[in-house]
Amino acid sequence: MHIHECPTCRFPFVATIDPARCPQCGTEVSPPGALAETLLFDKAELADDSVHDGRSQGDKLAANDLSHLVGQDIDVYHIDTLLGRGGMGCVFRAIHRDLHRPCALKILLPGLADEDADYVSRFQNEGRAAAALVHPNVVTIHAIGQATDYHFLEMEFLPGRSLQQAIQAEGRLTPIRATALAARMAEGLGAAHRAEIVHQDLKPDNVLLTHQGIPKIVDFGLAKRVRSRSATALPECLCGTPHFMAPELFQGSPATPASDVYALGVTYYLMLTGEFPFSAPTIPKLMYAITSQSAPSVRARVPELPLEMAECLGVMLDKTPSNRPTDGTMAAQLLNAVLGQVRDVESLLNDAFGGGKPVAWTRSGEQYRLDIALPKGRRQIVYIEPSTHAAAERLLVMSSICCDAEPAYYEHALRLNAEMLHGGLAIKDIDGAKKFVVLDTYPRSTVDAEEVRRSVLEVAHRADAVEQLLTGLDRH
């Protein structure tokens with residue numbers, strides 16, 4: 001059994017055969033081992049289980065294993081937990097001992113400095129440049145430094161999850177949620193581009209989501225290098241992760257804000273579909289697809305996607321850089337124009353319930369299920385979902401099941417319905433059975449978080465009161 005790390009998407013996985021296929025992107029991976037950089041290489045070279053400095057992959061893995069730092073002190077930091085590994089370094093949760101503040105500490109892999117004399121200086125210079133970025137959609141860098149043999153970067157600690165983890169957990173996001181996230185990421189990119197910083201490695205792994213669902217981009221200007229060991233296949237040095245690299249990068253052009261926009265487009269596609277626009281079993285075939293083939297129709301995979309969102313995505317994934325939005329700011333303007341004033345349900349829920357009494361919710365497709373705790377230990381489930389009207393007329397529907405719609409309850413239900421100031425009691429067919437349901441609706445384009453909060457709680461209380469009055473039970 002071997003641990004593999006995919007050279008295209010950087011996904012680590014365990015496999016019992018060699019060669020193996022990455023479960024995330026399908027790339028053939030061989031031999032086992034974790035490389036410090038994303039490498040583009042000839043397949044013949046993969047048969048050689050050694051690196052060019054004469055060390056075996058096992059030696060290199062041992063040299064770059066930083067897990068032993070957990071529990072130790074480095075400079076002013078106490079290393080608490082290993083959060084993750086990447087091609088450039090390991091990220092730990094740490095405590096700043098002087099400030100008593102939790103932080104994320106990225107420590108550069110020691111082997112990188114040995115293999116590339118100027119890598120550390122670039123790490124430091126780019127870290128200083130990224131530290132100048134202050135934006136709500138960019139992870140803040142607090143400090144950069146060196147202690148003994150370790151070079152580190154201190155960043156704000158976000159206890160949420162990465163966008164990659166969200167996509168893996170949910171499969172794909174709703175169109176409005178994906179567009180809203182892409183717009184916020186574009187705004188973060190725009191701030192970097194105005195500061196003349198190109199990210200070079202934008203992807204879901206480098207986007208963190210706060211508990212409020214706000215995306216924050218990490219690793220600005222600190223992208224891994226992609227090298228070619230073939231004299232004819234590629235320029236000597238590229239930056240990025242192959243699935244997210246713009247076609248012009250494979251053809252020798254330098255990274256630009258427009259290539260960041262392309263990477264944002266791939267990320268947008270991945271959020272909408274749960275799949276890459278281009279996939280291939282080997283890196284050369286992936287390169288050919290990205291540079292030569294048209295992106296598959298996103299609406300064929302997501303039929304409910306509005307046409308304007310699909311067209312926006314198509315512009316961002318255009319193979320010609322000049323046809324894309326020129327930078328993050330232009331991409332944000334395009335995405336926000338497509339989004340209009342509509343807010344995605346998840347951000348509304350975060351604003352409505354994030355600061356007060358916690359309300360748990362889950363999502364299935366475009367429907368959200370909220371579990372509301374009520375007095376005396378009673379509970380009620382409230383569902384939120386968009387109506388099926390045309391986009392401009394779409395409503396946000398909030399509903400909660402009361403009980404079976406038995407004829408004996410009709411007269412009493414009519415009197416209760418007349419007492420409701422907003423919303424109403426209706427009969428709805430649910431899984432082949434008629435149910436009394438409390439319904440409330442708001443215009444999708446103008447509803448705000450406070451309206452959502454009030455309506456959810458009112459619907460829950462009304463539905464529970466009806467259920468208790470008519471049946472004396474607490475089943476819904």
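Bear in mind that the values in this text are calculations on the coordinates, not laboratory data. Owing to the predicted nature of the structure, the values given are computational and were not obtained by experimental measurement. FYI the Cβ positions are ideal-geometry reconstructions off the backbone, even for glycines, and counts take in every protein chain you see.
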Highest mean packing first, using Cβ neighbours within 10 angstrom, the peptides 397-408, 296-307, 441-452 sort as 397-408, 441-452, 296-307
Simple spin-label estimate for HIS100/ASP431, 7 Å along Cα→Cβ, in nm, reads 5.1 nm
Length-normalised contact order of the stretch 324-453, Cα under 8 Å, at least 6 apart, in percent, tallies to 23 percent
Net charge (Lys, Arg +1; Asp, Glu -1) of residues whose beta-carbon lies under 10 Å from that of ALA104, ALA104 excluded, is 0
Quick calc: nm separation of the 7 Å Cα→Cβ label points for HIS142 and GLN251 -> 4.5 nm
Residue separation between ASP75 and ARG128 times 0.36 nm, minus their alpha-carbon distance, gives in nm 17.2 nm
Taking 178-187, 321-330 and ranking on average Cβ neighbours within 10 Å, highest first, one gets 178-187, 321-330
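Exceeding 25 Å between C-alpha atoms, which entries from my cross-link table qualify? They are LYS216/LYS319; LYS106/LYS203; LYS203/LYS285; LYS106/LYS319; LYS376/LYS434.
Among LYS216/LYS319; LYS106/LYS203; LYS203/LYS285; LYS106/LYS319; LYS376/LYS434, the Cα-Cα distance tops 25 Å for LYS216/LYS319; LYS106/LYS319; LYS376/LYS434.
Count the net charge of all other residues whose Cβ sits under 13 Å from the Cβ of LYS434, scoring Lys and Arg as +1 and Asp and Glu as -1.
-2
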So the FRET efficiency between ARG194 and ILE214, C-beta based with R0 = 25 Å and rounded to 0.05, is 0.80
Taking Lys and Arg as +1 and Asp and Glu as -1, residues besides ALA449 with C-beta under 9 Å from its C-beta add up to -2
